[in-house]
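What follows is a set of notes on a single structure, which appears directly below.
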Amino acid sequence: MSIFSKTIIQVKAIILLASKAKHIMLYGGSRSGKTFIIVFAIIVRACKVKSRHVMLRGTFNSIKTSIWLDTMPKVLSIAFPKLIYHLNKTDYYLILPNGSEIWICGLDDDKRVEKILGKEFSTIFFNECSQLAYSSVQIALTRLAEKNSLKKKVYYDENPPSKKHWSYWVFIKKLCPIEIEPIEDPENYASMVMNPKDNMENIDEDYLKMLAKMPKKERDRFMNGLFGDDDDGAAYYSFDREVHVAETKRLPGTLFIGMDFNVMPMTAVVCQVINNAIHVHDEVYLENSDTYKMSDSLIKSRYVGTVIPDSTGKNRSTSGKSDFDILKGYGFKIPHVFNPAQTDRVNNVNRLLTENRLIINPKCKKLIADLEQVSWKDNKLDQKGANKMLTHISDALGYACWHLDKIGPKVKPIEIGRMR
Ligand SMILES: Nc1ncnc2c1ncn2[C@@H]1O[C@H](COP(=O)(O)OP(=O)(O)O)[C@@H](O)[C@H]1O
Ligand SMILES: [Mg+2]
């Protein structure tokens, strides 16, 4: 039987995981012992008090192969050799003698997500969170609500992605990736780096040699645990005028109007879901405008339907009434909306473009210019200097696309015309 001992860095990680912070991320190179020590900490918590815990990853298959079939059995046999447990192999959870449960879940399976997120948990672990949209994390966090004496905890691990990713904003910059403002309770967020060289007791030396031979970008990520300083470059790199610009035809059915509430300019895109693709029929681009003028302009063109706005417009008001109330006053429907993180929104548009599921009418000249010119600068969408008229209309498109077909679980019912 192997004797369990933690690496030096894992001892430090345990102290951090048990610290006052609620959200704790272990990030760094691969095979550093991050997942192992988090799974260990969760089992310790589960043994203390009858409680429920969940480990989530982008896809069910990946969490099944990595944690269910590999890390969890290893941790159980090495660190808890005497613990008697039962595995529920139909619903994929571990049951301990005190009745505690540890579930695994992939966010690609809507039914299972719905079932699992009907329960309440004491720990949520986002495994390889670089692969998750921030909105998926937000949805799952609403289930961190089990009543017992355990302090509720959220653990995250990842190989550090680009500095544009929400995990960098939240844990390193301590900025909310949606509002781009300081997070309210920075003391609740803590992180530490763990690298493969810290886990030499448990991995092969050849593995480190293999990492050392990788190209610099991969080496920085998988060996040195550094967040990527991607070159500033085209945000909508998947957009190709030759491929994505084509005549579209309005059909009967709901119009979805993506809207950005900037004043200079105020913008909207008019879309429809046809054959599992988003067709952008038209755009409205008004300089020096407001929500009243925007509504008048849409009504004049007979564009009536569901508006998918920037969700911050709910509380924003320029003239007493909020932007949402003004739109509702004109008869537009507004579903429940929640802005995604900026990178998630841009990634989602790129995904739809790659899948050839976004078609833009040639009359949307401003939108096309945006898709060709908006770039990342210092990990933000560039809207400075000569470009300050840019980014708004592609934001409007991004809000609509996110509502109609977003990355991550679709646990909330959405409107008619829904895709998938
Ligand atoms: N304390 C430990 N004792 C024994 N094996 C360990 C320990 N910590 C990590 N390992 C092993 O090291 C390898 C890498 O750990 P893992 O947690 O999967 O790394 P990461 O999540 O950082 O990629 C795995 O094979 C794991 O079982
Ligand atoms: Mg891991």
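A few comments on the model shown:
- Exposed GluC sites (Glu not before Pro) absent - longest run of the chain, DSSP non-H/G/I/E/B, at most 13 other C-beta within 10 Å: 1-178
- Taking the C-alpha atoms of segment 8-222, convex hull volume expressed per residue in Å³: 125 Å³
- Size of segment 104-180 as Cα extents on the principal axes (Å, biggest first): 34, 30, 24
- For Ile203, Ile178, Ile42, order by how many other beta-carbon atoms lie within 10 Å, fewest first: Ile203, Ile178, Ile42
- Here segment 1-65 is treated with +1 on each Lys and Arg Cβ and -1 on each Asp and Glu Cβ, and its dipole about the Cα centre works out to around 200 debye.
- Against the empirical 2.2 N^0.38 Å (N residues), segment 241-405 has a Cα radius of gyration ratio of 0.96.
- Applying a DSSP loop filter and a limit of 10 other Cβ atoms within 10 Å to the trypsin sites (Lys or Arg not before Pro) in segment 42-83 leaves Lys82.
- Dipole of segment 159-251 [Lys/Arg +1, Asp/Glu -1 at C-beta], most positive-end residue of Trp166, Met194, Pro182: Trp166
- Across the options Thr142, Pro215, Val44, the greatest Cα extent toward the positive end of the charge dipole of segment 8-222 (unit charges at beta carbon of Lys, Arg, Asp, Glu) belongs to Val44.
- Segment 151-203: equivalent-ellipsoid semi-axes (sqrt of 5 x gyration tensor eigenvalues, Cα, Å): 25, 15, 8
- Bridge orientation summary for the chain: considering DSSP beta bridges with both residues in this region, about 45 percent are antiparallel.
- Counting all C-alpha pairs of segment 30-104, share separated by more than 16 Å (%): 45 percent
- Summed side-chain charge close to Leu353 - residues other than Leu353 whose Cβ falls under 14 Å, Lys, Arg +1, Asp, Glu -1: -2
- Dipole of the chain [Lys/Arg +1, Asp/Glu -1 at C-beta], most positive-end residue of Ser100, Cys129, Ile116: Ser100
- Relative to the Cα centre, the charge distribution of segment 130-194, modelled as +1 at Lys and Arg Cβ and -1 at Asp and Glu Cβ, gives a dipole magnitude of about 160 debye.
- Whole-Å semi-axes of the ellipsoid equivalent to the chain (Cα gyration tensor, √5λ, descending): 43, 24, 19
- In the chain, helical runs assigned H by DSSP with n ≥ 4 each contribute -39500 (n - 2.57); averaged across all residues and rounded to the nearest 500, the mean residue ellipticity at 222 nm is -8000 deg cm²/dmol.
- Shown here for segment 297-333: trypsin sites (Lys or Arg not before Pro) in loop regions (DSSP other than H, G, I, E, B) with at most 16 other Cβ atoms within 10 Å, namely Arg302, Arg316.
- Ser30, Ser77 arranged by Cβ crowding within 10 Å, fewest neighbours leading: Ser77, Ser30
- When +1 charges are put on Lys and Arg Cβ atoms and -1 charges on Asp and Glu Cβ atoms, the dipole computed for the chain relative to its Cα centre reaches about 1220 debye.
- Percent RCO, i.e. relative contact order, over segment 8-222, from Cα pairs under 8 Å lying at least 6 residues apart: 31 percent
Read-outs throughout are calculated quantities, based only on the coordinates presented, and are distinct from any laboratory measurement. Predicted model only: the values in this text are computed from it and were never measured. Glycine gets a Cβ as well: all are built from the backbone with ideal geometry, and neighbour counts include every protein chain shown.
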